[in-house]
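A quick write-up on the structure given underneath.
All of the numbers you see were taken from the coordinates with simple rules; none came from a lab. The structure presented is a predicted model; accordingly, all values stated were derived computationally and were not measured. Ideal geometry is used to build each Cβ from the backbone, glycine not excepted, and the neighbour counts take in all protein chains shown.
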Amino acid sequence: AAMPGGARGLYRRILLLHRALPPALRALGDRYVKEEFRKHKAAGPAEAQRFLREWEATLIQQQINEDKQKLREKTVYGIQLTEEKLNDFRDEQIGQLKELMDEATKPHKKTTISKDSEHKN
């Protein structure tokens, strides 16, 4: 038995999503998808459904990750201060800005809460 008609649409959506990848990764991903779909072309109904479900879940996760990436790229925090504006600040304010910048650019630490509600870093 052949895969249901939804396979062709899913296949196209996956390849469309790959267009956002760098050329080398796109070529690799496209080749992999084509081989996988070709291998499962004559799969039985149960196997075809399982195959399509897995690819649909993968596609949804890729779309979520792409949406998150777009949000991160579009989000801009703060403003760029000109040298002229920085010259208007007192030394204390410059120090505070430096501390803020250092804190904001630190690698992320995971905070865990123990049973007795003490915070640990």
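Give, rounded to the nearest 20 debye, the magnitude of the charge dipole that the range 5-78 has about its Cα centre when Lys and Arg contribute +1 at Cβ and Asp and Glu contribute -1 at Cβ.
Once rounded to the nearest 20, the dipole reads 200 debye.
Sequentially through the range 50-63, phi angles give Karplus couplings (6.51, -1.76, 1.60; θ = phi - 60°) of 4, 4, 5, 4, 5, 5, 4, 4, 5, 4, 4, 5, 5, 5 Hz, Gly and Pro residues having no value and appearing as x. Taking other residues whose beta carbon is less than 13 angstrom from the beta carbon of Leu16, and scoring Lys, Arg as +1 and Asp, Glu as -1, yields +3.
Any chance you could tell me what percent of the C-alpha pair distances in the range 1-69 go past 16 Å?
48 percent
Positive-end ranking of Gln49, Pro23, Val33 along the dipole of the range 16-60, with charges on Cβ about the Cα centre, is headed by Pro23. With 31 Å as the limit, write out which pairs from Lys34/Lys68; Lys85/Lys106; Lys41/Lys70 have Cα-Cα distances beyond it, or answer none. The answer is Lys41/Lys70.
For Lys98, list the aspartates and glutamates whose Cα falls under 19 Å from its own Cα; do not include residues on the same chain fewer than 8 positions away. List returned: Glu83, Glu84, Asp88. Working note: Karplus 6.51/-1.76/1.60 with θ = phi - 60° gives the range 8-18 the couplings 5, x, 4, 4, 4, 5, 5, 5, 5, 5, 5 Hz, where Gly and Pro are set to x.
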